[in-house]
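Participant: Take this structure first; my questions come after.
The values are calculated or read from the model by the stated rules, or taken from the named source; none is laboratory data. This structure is a prediction, so every number in the text was calculated from the model and none was measured. Reconstructed Cβ throughout: ideal geometry from the backbone, glycine too, with neighbour counts over all protein chains shown. Surface accessibility is based on the protein's heavy atoms, side chains included, excluding ligands, DNA and RNA. Shrake-Rupley method; radii C 1.70, N 1.55, O 1.52, S 1.80 Å.
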Amino acid sequence: MPDIVTVTDLRKTFDGGFEALKGVTLNIREGEVLALLGPNGAGKTTLISAVCGLTSITSGTITVGGHDVVRDFRESRRLIGLVPQEITLEPFEKVLNAVRFSRGLFGRPANDAYLEKLLKQLSLWDKKDGPTKELSGGMKRRVLIAKALAHEPRVLFLDEPTAGVDVELRKEMWDVVRELKEDGVTIILTTHYIEEAEEIADRVGVIAKGELLLVEEKDALMARMGKKELKIELQDPCEAIPPSLASYELERSADGFNLTYTYDTKGERTGITALLNDMAKSGLVLKDIQTSQSSLEEIFVDLVRSET
Amino acid sequence: MNYRAIYAIYRFEMMRFFRTLAQSVISPVLSTSLYFIVFGAAIGSRIQEVDGVSYGAFIVPGLIMLSLLTQSLTNAAFGIYFPKFIGTIYEVLSAPIGHFEIVIGYVGAAATKSMVIGLIILATAFAFVDLKIEHPFWMIAFLVLTCLSFALFGFIIGIWAKSFDQLNLVPMLVVTPLVFLGGSFYSISMLPEFWQKVTLFNPVVYLVSGFRWSFFGHADVGVGISLAMIVVFLIVCLLVIGWIFRTGYRLKT
Ligand SMILES: Nc1ncnc2c1ncn2[C@@H]1O[C@H](COP(=O)(O)OP(=O)(O)OP(=O)(O)O)[C@@H](O)[C@H]1O
Ligand SMILES: [Mg+2]
């Protein structure tokens, strides 16, 4: 499938001389959910702002649906919906009117049937006649999503959709994202929560200090970067790791009851069989073993740390 | 041209106006009524006719101008400053609309509001004084041009302002004095010769003068010059706004 958003060598230098984006190149496929992960100040919001026309571009090009976002901004922006990081709503405006305004602003003819469906999907229908200031934070966030979707965009940017949202609402938000994906909307979301990327993204991009460190299929990323750990619990504590096991680089817990073996799932041989054999030979008695895969979070922390 | 977007902005702004209709209308009507009572009836009865018109009638165009200017200015300034202040401006800036459309939407709504208020004040004036309008067409033309150009000016202030204080600064510090010194309540021919010359640098003189001409058929300054000055002012505002959007001044980071 063709790329719906292309970002080529994008640079952004703010007036003060601060370079927030240092040559970002990114292609987003139609219909995918892309999670942009990065620490505070990485440049996530700046990147989104550049695509949506809220920030001027220092150099580089961006296209959406094949339209240059600067030269053909009318065509490109019609395809984009944006949910900003900060909750910003006209406090006295009624929900339905706010959503109608957004639709009109993007040049679409009135279609109250669609807006009704949208507000129902976001569980906002019974609030439609109330002013936005009377809504809870989570509801306000959903009003922003409704506004962003009011003109039926093909690409939706969600800038930290679940920041400051409780667990239940976060799950709800994920369901919304999945439904939108089923409707064929391409979704780009930024987040600090790795579990969010793990949960809903097809691909993950990691951005730090204005540079895109990598973009990869989530599964491939986890498999490639993923190391597995084998935790071994012993019947009796061992004082020291026997020299015969030195080559396995085991980690011994302070009390001597646990040994941890780290191995690469992609390696030819994991070495587990040999380890267990050697352990038995050295006289260690196992009580229990368990394996665990390192999470995206650890991968992420590793990546950002190694770059900086 | 994205007409739907212009309409959306216009409608949204007008809805805000209608939500606060009572306070939008009551305060200017009340203050003008007070002017009429104080200047027109109480003081005016002791003042001889000015340029062949009773003083009460003479001040009507100036009073309407005073409200028109402050209303178009503050309405337009607030209209664009508020979304900037609370952050909702992001939506307008990321929409598929050109700058010109944004300006038409906001400035059009602000000008409409002040026009409505101007007409209500005019109606109030009829309740207090005997009035007749010699050139109704030109009266409306001056009304529209003034509302438009000062709404444009207000739009610029709204974009420039970084705080509510700054937002109030220009109307308070510049416009009110200019209007009071602009011949709203007197004919500039009443001033000493030197001050008559100085006054000609005050743009409001031309507005009031032209507007007064449309009521009474004569004025301090020739109506052609008045008209030309308003148009020049309008064009200057348009140029500044063009520059603002081209450079993204105080709008884009
Ligand atoms: N208007 C501005 N002027 C100058 N520097 C800015 C401006 N906006 C952002 N920056 C800087 O650019 C960098 C990237 O900011 P950005 O908002 O894109 O980060 P982010 O990845 O969205 O962070 P967060 O996760 O905290 O939202 C930051 O160092 C920030 O200080
Ligand atoms: Mg951000």
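Participant: Below 12 angstrom from the Cβ of B:Ala219, what's the summed charge of the other residues (Lys, Arg +1; Asp, Glu -1)?
Facilitator: Around B:Ala219, the surrounding residues sum to -2.
Participant: Among A:Glu179, A:Glu196, A:Glu32, determine the one that fluctuates most according to a GNM of chain A built with springs between C-alpha atoms less than 10 Å apart.
Facilitator: Its mean-square fluctuation being the largest, the pick is A:Glu179.
Participant: Next question. Longest exposed-loop-site-free stretch of chain B, with GluC sites (Glu not before Pro), DSSP loop and at most 15 other Cβ within 10 Å?
Facilitator: It works out to B:135-253.
Participant: If I stretch the segment between B:Ala141 and B:Ile86 completely, what's the gain in nm (0.36 nm per residue apart, minus their alpha carbon distance), one decimal?
Facilitator: 16.3 nm
Participant: Roll a 1.4 Å probe over the protein chains and send me the accessible area per residue for chain B in Å².
Facilitator: Here the residues of chain B average 44 Å² of exposed surface.
Participant: Along the charge dipole of the stretch B:3-247, Cβ charges K/R +1 and D/E -1, which of B:Gln71, B:Phe128, B:Tyr186 sits furthest on the positive end?
Facilitator: Going by the charge dipole, the pick is B:Gln71.
Participant: Per residue, how much accessible area does the stretch A:227-294 show when a 1.4 Å probe rolls over the protein heavy atoms, in square angstrom?
Facilitator: Here the per-residue accessible area is 66 Å².
Participant: Related question: Kirkwood hydrodynamic radius for the protein assembly as shown: how many Å is it when counted over pairs of different Cα atoms?
Facilitator: Taking every pair of different Cα atoms in the protein assembly as shown, averaging 1/r and inverting gives 28.1 Å.
Participant: If each DSSP helix of 4+ residues adds -39,500 (n - 2.57) and the sum is divided by the residues in chain B, what number results at 222 nm, nearest 500 deg cm²/dmol?
Facilitator: About -24000 deg cm²/dmol.
Participant: How many partner chain Cβ atoms sit within 10 Å of a residue's Cβ in peptide B:2-10, on average, as a whole number?
Facilitator: 5
Participant: Same structure again: Take chain A, connect every pair of alpha-carbon atoms lying under 10 Å apart with a spring to form a Gaussian network, then pick out the residue of A:Ala220, A:Ala208, A:Ala113 with the largest mean-square fluctuation.
Facilitator: With Cα springs under 10 Å in chain A, the top fluctuation among A:Ala220, A:Ala208, A:Ala113 is at A:Ala113.
Participant: Separate question: Can you find, among A:Ser247, A:Leu135, B:Gly224, the residue farthest towards the positive end of the dipole of the protein assembly as shown? Put +1 on the C-beta of Lys and Arg, -1 on that of Asp and Glu.
Facilitator: Checking the options against the dipole of the protein assembly as shown, the answer is B:Gly224.
Participant: Within the accessible area of the protein assembly as shown, what % is carbon and sulfur when the probe is 1.4 Å and the other protein chains stay in place?
Facilitator: Taking all protein chains in place, the protein assembly as shown shows 58 percent carbon and sulfur surface.
Participant: Still on this structure, please answer the following. Using the Karplus curve 6.51 cos²θ - 1.76 cosθ + 1.60 with θ = phi - 60°, work out ³J(HN,Hα) for each residue of the stretch B:189-203 in order, rounded to whole Hz, and write x for Gly and Pro.
Facilitator: 5, 7, 7, x, 4, 4, 6, 4, 5, 4, 4, 5, 7, 8, x
Participant: For chain A, what is the relative contact order in percent, using Cα pairs closer than 8 Å and at least 6 residues apart in sequence?
Facilitator: 19 percent.
Participant: Place a point 7 Å from the Cα of A:Ala163 along the Cα-to-Cβ direction; which residues of the stretch A:205-235 have their backbone N under 16 Å from it?
Facilitator: A:207-210
Participant: Checking a compactness column here: for chain B, what do you get for Rg(Cα) / (2.2 N^0.38 Å), N being the number of residues?
Facilitator: Normalised by 2.2 N^0.38 Å, the Cα Rg of chain B equals 1.04.
Participant: Specify which residue in the list B:Met139, B:Trp213, B:Tyr90 is farthest towards the positive end of the charge dipole of chain B, using unit charges on the beta carbon of Lys, Arg (+1) and Asp, Glu (-1), about the Cα centre.
Facilitator: B:Tyr90
Participant: Expressed in nm to one decimal, what extension gain is obtained for the pair A:Glu195 and A:Asp264 from 0.36 nm per residue of sequence separation less their Cα-Cα distance?
Facilitator: 22.7 nm
Participant: Still on this structure: For the stretch A:8-49, take N as its residue count and report Rg(C-alpha) divided by 2.2 N^0.38 Å.
Facilitator: Output field value: 1.27.
Participant: Something else now. Using only DSSP helix segments of four residues or longer, with each worth -39500 (n - 2.57), what per-residue ellipticity at 222 nm results for chain A after dividing by its residue count and rounding to 500?
Facilitator: -10000 deg cm²/dmol
Participant: Separate question: For chain B, what relative contact order do you get, as a whole percent, if you take Cα pairs closer than 8 Å and at least 6 residues apart?
Facilitator: Result for chain B is 26 percent.
Participant: Quick one: which bits of the stretch B:95-126 get at least 50 Å² less accessible when the partner protein chains are in, versus the chain alone, with a 1.4 Å probe?
Facilitator: Buried-area filter returns B:Pro96.
Participant: A further question follows. Accessible area drop of at least 50 Å² (1.4 Å probe, protein heavy atoms): which residues of the stretch A:86-100 qualify, relative to the chain alone?
Facilitator: Buried by the other chains: A:Thr88, A:Glu90, A:Glu93.
Participant: Here is a follow-up. Need one number: nm distance between label points at A:Glu30 and B:Ile26, each 7 Å from Cα along Cα→Cβ, rounded to one decimal.
Facilitator: Between A:Glu30 and B:Ile26, the simple spin-label model gives 5.7 nm.
Participant: For the stretch A:3-223, give the magnitude of the charge dipole about the Cα centre (Cβ charges: +1 Lys/Arg, -1 Asp/Glu; no others), in debye to the nearest 20.
Facilitator: Value, rounded to 20: 740 debye.
Participant: Let me ask you something else. Starting from the stretch A:239-271, pick out the chymotrypsin sites (Phe, Trp or Tyr not before Pro) whose DSSP state is loop and whose Cβ has at most 15 other Cβ atoms within 10 Å.
Facilitator: In loop regions of the stretch A:239-271 (DSSP not H, G, I, E or B), the sparsely surrounded chymotrypsin sites (Phe, Trp or Tyr not before Pro) are A:Phe257.
Participant: Gaussian network model of chain B, Cα springs within a sub-10 Å range: biggest mean-square fluctuation belongs to which of B:Met15, B:Met65, B:Met139?
Facilitator: Comparing B:Met15, B:Met65, B:Met139 in a Gaussian network model of chain B, the most mobile one is B:Met15.
Participant: Let me ask you something else. Using the structure shown, list the pairs from A:Lys127/B:Lys84; A:Lys133/A:Lys209; A:Lys181/B:Lys84 with a Cα-Cα distance above 29 Å, or answer none.
Facilitator: Beyond 29 Å: A:Lys133/A:Lys209; A:Lys181/B:Lys84.
Participant: Simple spin-label model, 7 Å along Cα-to-Cβ: A:Asp278 to B:Leu200 in nm?
Facilitator: Going by the 7 Å Cα→Cβ label model, 10.3 nm.
Participant: What number results when the radius of gyration of the stretch B:63-113, computed over Cα atoms, is divided by 2.2 N^0.38 Å?
Facilitator: Dividing the Cα radius of gyration by 2.2 N^0.38 Å gives 1.26.
Participant: In Å² (nearest 100), what accessible area is buried between A and B, both sides summed, heavy protein atoms only, 1.4 Å probe?
Facilitator: Between A and B, the summed buried area is about 2600 Å².
Participant: Can I ask one more? Nearest 20 debye, what's the magnitude of the dipole of chain B about its Cα centre given +1 on Lys and Arg Cβ and -1 on Asp and Glu Cβ?
Facilitator: Rounded to the nearest 20 debye, it is 780 debye.
Participant: Any idea what the dipole of the protein assembly as shown comes to, in debye rounded to 20, about its Cα centre with Lys/Arg Cβ at +1 and Asp/Glu Cβ at -1?
Facilitator: Roughly 2000 debye for the protein assembly as shown.
Participant: For B:Met190 and B:Phe100, what does the FRET efficiency come to when R0 = 51 Å and r is the distance between their Cβ atoms, rounded to the nearest 0.05?
Facilitator: Step by step, r from the Cβ atoms, then E = 0.75.
Participant: Note the full-extension length gain between A:Thr291 and A:Asp202 as 0.36 nm times their separation in residues minus their Cα-Cα distance, in nm to one decimal.
Facilitator: 29.5 nm
Participant: Still on this structure, please answer the following. For the stretch A:1-75 and the stretch A:173-187, compute the distance between their C-alpha centroids and round to whole Å.
Facilitator: Each part reduced to its Cα centre gives a spacing of 21 Å.
Participant: Taking the radius of gyration and the Kirkwood hydrodynamic radius from Cα positions alone, what is the Rg/Rh ratio for the stretch A:232-294, to two decimal places?
Facilitator: For the stretch A:232-294, the value is 0.94.
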